[in-house]
Structures are given as C-alpha cells and as structure tokens.
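Colleague: Attaching a single structure in structure tokens format; questions to follow.
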Amino acid sequence: MVEFWFGIAALMLTAYVVLDGFDLGAGALHTYVARSDRERRQVLAAIGPFWDGNEVWLLATGGVLFVAFPTVLASGLSGFYFAIFLVLWMLIFRGISIEFRSHVENTLWRAAWDFVFCASSVLLPVLFGAALGNLLRGLPIDASGYFSLALFTDFSARPPVGILDWYTVLAGVFGLLAIAGHGATFLAWKTDGDVQALSRRAALWLYGAVALVWPPMTALTSLVNPDLYAALPHRPLAWLSVLVALLGLVSVGLGLRRRRDVLAFVGSCGFLAGMLAATAACVFPTMLRAVDGTHSLTAYNASAPSPSLRIALAWWLIGFPIAFGYFVVLFRMHRGKAVAATAREGY
C-alpha cells in the first residue's frame, strides 16, 4: 500500500508539471512569440481554458502528501517556508496579470501586466527546478525529521547547504529550458500565423538546448547524489521511463521539423513525464533525502497508518477518474486553434 501511494504522489506531481508546465512555458515566452496586443491575447486565449484548472494538480499533490505522507508534508512546508511563499506570490501574480490586463484600455497598463505575467512565469519553473535540485542533493534533516534552509550559504553543494547553490541553480535553469520548450510546442499546436512560426522556432532552440544540457546535468546529479544512479540498473521502471523521455525528445524534433505540432507537444509531454518518472523510480523509497544520509524521510517511515491509506485509496479511485475525465472533456471542447478575444471580451 505504501508503494502504491508513493506512485500516486509521483503521478500527481507529474500531472502538474505536464499540464501546468505548458501554460507556464507559454507565459515565459509570452512577450517573445507575441509582439502585438492581438497576438498576446491569442496566447492568453490558448491557455485561458486550462491554466487555473492545471494549478489544481499542485493542490492535489499536496492533498496526497497530507493523506499518505503527512510527515513529509509537514517537514517540507516548514523547511521550504520562504521558497513556498515565493511560489505562492508568483502564482498570484500570474493569475491577476491574466485577469487584470484588459480592465483598462491603456497600452502602458497592458504592457505592465504582460511583464508581470512573463516574469512570474519565468521564475516559477526556476523555483520548481531548484526545489527538485534540493530534494536530489539532500537536506539538513535532523533527528526530529525537520530542517531549515537559508536562501544560500557559500553556493557549494556541501553542508551547510542553502536553497540556492551551483547545483540547484543549474537545476532551475534546466527546468526553465524544459518548461519553456514545452510551452512553445503547445503554442505551436494551438495558434497560427506569426505566433505559431515564432513558437516553432523557440521550441527548436529550447529543446535543442535541453538535449545538450541533459547529459551534463545527469552527470552533475551523480556527483551530488551518487546513490541515485546506483539504483538505476536494478529499477526496470526507471529504464522504461528513460526510454519514454528519449522517445519524447525525438518526437519533439520530428514533430517540429515536419510541422506536426500535435506530435511535438505529445513528445514534450512524454519527455517531462519520463524524466520525472525515472527520478521517482530511482529515489524510491526516499522522499526527503538527508544530506548526511542518516535522517532521510522515506515512504516507509513517514507514511500514514495502513487503514488510513486503504480508506483514502477508495476516495482517490473515485476522484481521480472524475478529474481526468474533466480534462479530456475540456481539451475536446477547446480543440482547434485559439482565437484572440476582442479587447472588450476578455484578456
């Protein structure tokens, strides 16, 4: 049962990254691929039906941790207190910038909110990537199961560690490249005209950078966490996930070259999902790794009692298909190219 809930937590987090990732990436590229007000409204129209629903998967991930691994949630929330507030502010800025930009028909007003939307969309993948880097590098967890982190110390990946060091910053940059590329493939699929052309170009450059940075980033991860790849030969699911990621990367390239935008977007989804699944398979059962290796929180020592997990599973089996069905219907309802709303209709 514990193993199953670990898989559910990984699934929910992957769903968040794949789904909210495309609208975060679209926001990060907003001022590049869309030059006029009409084009920027087209970008917002492309993500408009999805962005707020996509963010719910982040709450759902927190809900899974609350139900199944409450110690992990409590330790993580307290240890990443400052970083979580930064994430919340960026999410708030994204939401109000989308809603407020057309409240006043003024060029300066709209340009200001476009900048806020783009900046917050850039910072969120960096913060999430740095957070993943912290989990892979290790945290200063004490015997009570809690930890605290300064924003940075000496920028080395050795104790005493901070939220930011050379490795976590690189992880954040890699996360931004991957998410921006994901958003570019989505915009290439859902838009037309100049926005589509610039999105395809951005996707080629960004995923080219991802393909170049991925191998050295993998090597650097093995330096800060040698145990991660030591487990890889013994985890068939990890190998399968790596294969999915590689096939996804190839599909992105083929889709963009042949202008098959759906293939490129699906390949981008596969790349992100494969990377996260491979990481989860390699770190299992560790959920919060102690940098000294002595007080790590694992799926076994931080889980809720088995009866609670069984009851929660019954509710999850009801709720997850409903949420999945909602997104299937939503994508079907809004199939086709996005059309920019008029100035008085929204966005």
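Colleague: Quick one: is Arg289 of a type in the set (Lys, Arg) and surrounded by fewer than 16 Cβ atoms within 10 Å (Cβ to Cβ)?
Modeller: Values: of a type in the set (Lys, Arg): yes; surrounded by fewer than 16 Cβ atoms within 10 Å (Cβ to Cβ): no.
It is false that Arg289 is of a type in the set (Lys, Arg) and surrounded by fewer than 16 Cβ atoms within 10 Å (Cβ to Cβ).
Colleague: Out of Ala143, Ala131, Ala157, which single residue is touching a strand residue (DSSP E or B) at 6+ places or on another chain (Cβ under 9 Å), of a type in the set (A, V, I, L, M) and under 22 Å from Asn225 (Cα atoms)? Spell out the reasoning first.
Modeller: On the way: Ala143 fails: touching a strand residue (DSSP E or B) at 6+ places or on another chain (Cβ under 9 Å); Ala157 fails: touching a strand residue (DSSP E or B) at 6+ places or on another chain (Cβ under 9 Å).
Among Ala143, Ala131, Ala157, only Ala131 is touching a strand residue (DSSP E or B) at 6+ places or on another chain (Cβ under 9 Å), of a type in the set (A, V, I, L, M) and under 22 Å from Asn225 (Cα atoms).
Colleague: Determine which member of the set Ala184, Ala180 is buried (at least 20 other Cβ atoms within 10 Å of the Cβ), over 19 Å from Val291 (Cα atoms) and touching a Pro at 6+ places or on another chain (Cβ under 8 Å).
Modeller: Result of the check over Ala184, Ala180: Ala180.
Colleague: Also, I was wondering about something else. How many residues does the range 96-126 hold that are more than 14 Å from Arg40 (Cα to Cα) and either of a type in the set (Asp, Glu) or surrounded by 19 or more Cβ atoms within 10 Å (Cβ to Cβ) (or both)?
Modeller: Summing the residues that are more than 14 Å from Arg40 (Cα to Cα) and either of a type in the set (Asp, Glu) or surrounded by 19 or more Cβ atoms within 10 Å (Cβ to Cβ) (or both) in the range 96-126 gives 8.
Colleague: Of all residues in the range 91-124 being among the polar types (S, T, N, Q) and in a helix (DSSP H, G or I), which is farthest from Leu24 (Cα to Cα)? Walk me through it before giving the result.
Modeller: First, pick out the residues of the range 91-124 that are among the polar types (S, T, N, Q): 97, 102, 106-107, 120-121.
This time we only want the ones that are in a helix (DSSP H, G or I), so: 97, 107, 120-121.
Details: Ser97: 13, Thr107: 23, Ser120: 9, Ser121: 5 Å.
My answer is Thr107.
Colleague: Right, something else. Is the range 233-247 home to any residue that is crowded, with 22+ Cβ neighbours inside 10 Å, in a helix (DSSP H, G or I) and of a type in the set (Phe, Trp, Tyr)?
Modeller: Looking through the range 233-247, none of the residues is crowded, with 22+ Cβ neighbours inside 10 Å, in a helix (DSSP H, G or I) and of a type in the set (Phe, Trp, Tyr).
Colleague: So, in the range 250-305, how many residues would count as being aliphatic (A, V, I, L, M), within 30 Å of Phe147 (Cα to Cα) and either under 21 Å from the mean Cα position of the chain (by Cα) or assigned to a loop (DSSP other than H, G, I, E, B) (or both)?
Modeller: 15
Colleague: Continuing with this model, one more query. What is the number of the single condition among (1) farther than 24 Å from Gly62 by Cα; (2) of a type in the set (Gly, Ala, Ser); (3) modelled with pLDDT under 95 that Ala245 does not meet?
Modeller: Condition not satisfied by Ala245: (3).
Colleague: Related question: Please count how many residues of the range 196-217 are modelled with pLDDT under 95 and buried (at least 22 other Cβ atoms within 10 Å of the Cβ).
Modeller: Number satisfying all stated conditions: 0.
Colleague: For the range 279-291, indicate whether the set of residues that are out of contact with any Asp or Glu (no Cβ under 8 Å at 6 or more places or on another chain), within 30 Å of Pro49 (Cβ to Cβ) and not β-branched (Val, Ile, Thr) is non-empty.
Modeller: Yes, some residue in the range 279-291 is out of contact with any Asp or Glu (no Cβ under 8 Å at 6 or more places or on another chain), within 30 Å of Pro49 (Cβ to Cβ) and not β-branched (Val, Ile, Thr).
Colleague: Filter the range 43-64 for residues that are more than 20 Å from Pro125 (Cα to Cα) and either part of a loop (DSSP other than H, G, I, E, B) or in contact with a helix residue (DSSP H, G or I) (Cβ under 6 Å, 6 or more places away or on another chain) (or both) and give the result. Give the steps one after another, and end with the answer.
Modeller: Filtering the range 43-64 down to residues more than 20 Å from Pro125 (Cα to Cα) leaves 45, 49, 63-64.
Selection gives Pro49, Val64.
Colleague: Considering each of Ile92, Ile141, Ile98 in turn, give the residue that is modelled with pLDDT of 90 or more and closer than 15 Å to Leu288 by Cβ. Lay out the reasoning, then the answer.
Modeller: On the way: Ile92 fails: closer than 15 Å to Leu288 by Cβ; Ile98 fails: closer than 15 Å to Leu288 by Cβ.
Answer to the selection: Ile141.
Colleague: Can I ask one more? Answer with yes or no whether Gly255 is touching an Asp or Glu at 6+ places or on another chain (Cβ under 7 Å) and not charged (D, E, K, R). It would help to see each step written out before you state the result.
Modeller: Details: touching an Asp or Glu at 6+ places or on another chain (Cβ under 7 Å): yes; not charged (D, E, K, R): yes.
Spelling it out, Gly255 is indeed touching an Asp or Glu at 6+ places or on another chain (Cβ under 7 Å) and not charged (D, E, K, R).
Colleague: Out of all the residues in the range 294-323, which are surrounded by fewer than 11 Cβ atoms within 10 Å (Cβ to Cβ) and either at pLDDT below 90 or among the aromatic types (Phe, Trp, Tyr) (or both)?
Modeller: Thr294, Trp315
The values are calculated or read from the model by the stated rules, or taken from the named source; none is laboratory data. All values derive from a computational prediction rather than experimental measurement. Counting neighbours? That spans all protein chains shown, and the Cβs are built from the backbone with ideal geometry, glycine included.
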